[in-house]
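Below you'll find the structure, written out as structure tokens, and then a few comments.
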């Protein structure tokens, strides 16, 4: 008869303790972490195991939704701030929206089986997106549909200079590599942007659903 394995008892970890070790003499040694005390949302956590197994396009889409959700939350906080609202809050909201838009366009382009470029130029991604998904059901509004070069050509003179030509850098750092600030004055109206982004949230969900439906009909994953 094989010997039965001894059951290993679970060591109960007190609040505020990150790890427990037992020395050869049987004494317990605790490693404390003050941030473990009085935690909200006990038992709630997530890891990346299932996410990283998703197809690249699906990962990009879910990240775009997460950044858009973050922008919506920040926008609502900005509106509630009232007179305490400052530009850094607006800039971060713009940045999350810009990144969400970039990731959504890349997700859709990959979702229909095409490769995407590695840059952050939304105007170029927008052209590729509209070429692949030209229907009205795939349309949504974006302030970055025109590149600075295209804007220059339409007006006939250079319109934007320095960091204003790279929105992702403008909203992330608020300066160019030499510390130079924007030549323009940007505006942010929380109420307007909140309505816009809530509409965008619904539109993107519908567009992605349609892309997945088309992929299913074509037998591609």
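The values are calculated or read from the model by the stated rules, or taken from the named source; none is laboratory data. Keep in mind it's a predicted model, so treat the numbers as computed, not measured. FYI the Cβ positions are ideal-geometry reconstructions off the backbone, even for glycines, and counts take in every protein chain you see.
Quick one: in region 152-177, which of the residues that are closer than 17 Å to residue 120 by Cβ and out of contact with any helix residue (DSSP H, G or I) (no Cβ under 8 Å at 6 or more places or on another chain) is surrounded by the fewest Cβ atoms within 10 Å (Cβ to Cβ)?
177
Those residues that are without any contact (Cβ under 8 Å) to a residue 60 or more places away in the chain, surrounded by 10 or more Cβ atoms within 10 Å (Cβ to Cβ) and part of a loop (DSSP other than H, G, I, E, B), I need them from region 41-56; list them, please.
Selection gives 54 alone.
So, of the residues in region 117-146 that are over 24 Å from residue 202 (Cβ atoms) and outside any helix (DSSP H, G or I), which turns out to be nearest to the chain's Cα centre (by Cα)?
120
So residue 122 clears everything in (1) touching a helix residue (DSSP H, G or I) at 6+ places or on another chain (Cβ under 8 Å); (2) farther than 20 Å from residue 97 by Cβ; (3) at pLDDT 95 or above except one condition, right? Which one?
(2)
Please work out if residue 69 is more than 25 Å from residue 188 (Cβ to Cβ) and either assigned to a loop (DSSP other than H, G, I, E, B) or out of contact with any helix residue (DSSP H, G or I) (no Cβ under 6 Å at 6 or more places or on another chain) (or both).
So residue 69 does not fit the description; no.
For region 207-219, check the following and say yes or no: at least one residue is farther than 18 Å from residue 99 by Cα, more than 20 Å from the chain's Cα centre (by Cα) and outside any helix (DSSP H, G or I).
yes
Going through region 180-198 one residue at a time, which ones are touching a residue at least 40 places away in the same chain (Cβ under 8 Å) and assigned to a helix (DSSP H, G or I)?
Of the residues in region 180-198, the ones touching a residue at least 40 places away in the same chain (Cβ under 8 Å) are 186, 188, 190-191, 193-194, 196-198.
Of everything in region 180-198, those that are touching a residue at least 40 places away in the same chain (Cβ under 8 Å) and assigned to a helix (DSSP H, G or I) turn out to be 190, 191, 193, 194, 196, 197, 198.
If you check residue 79 against the conditions, is it more than 28 Å from the chain's Cα centre (by Cα) and surrounded by 12 or more Cβ atoms within 10 Å (Cβ to Cβ)?
no
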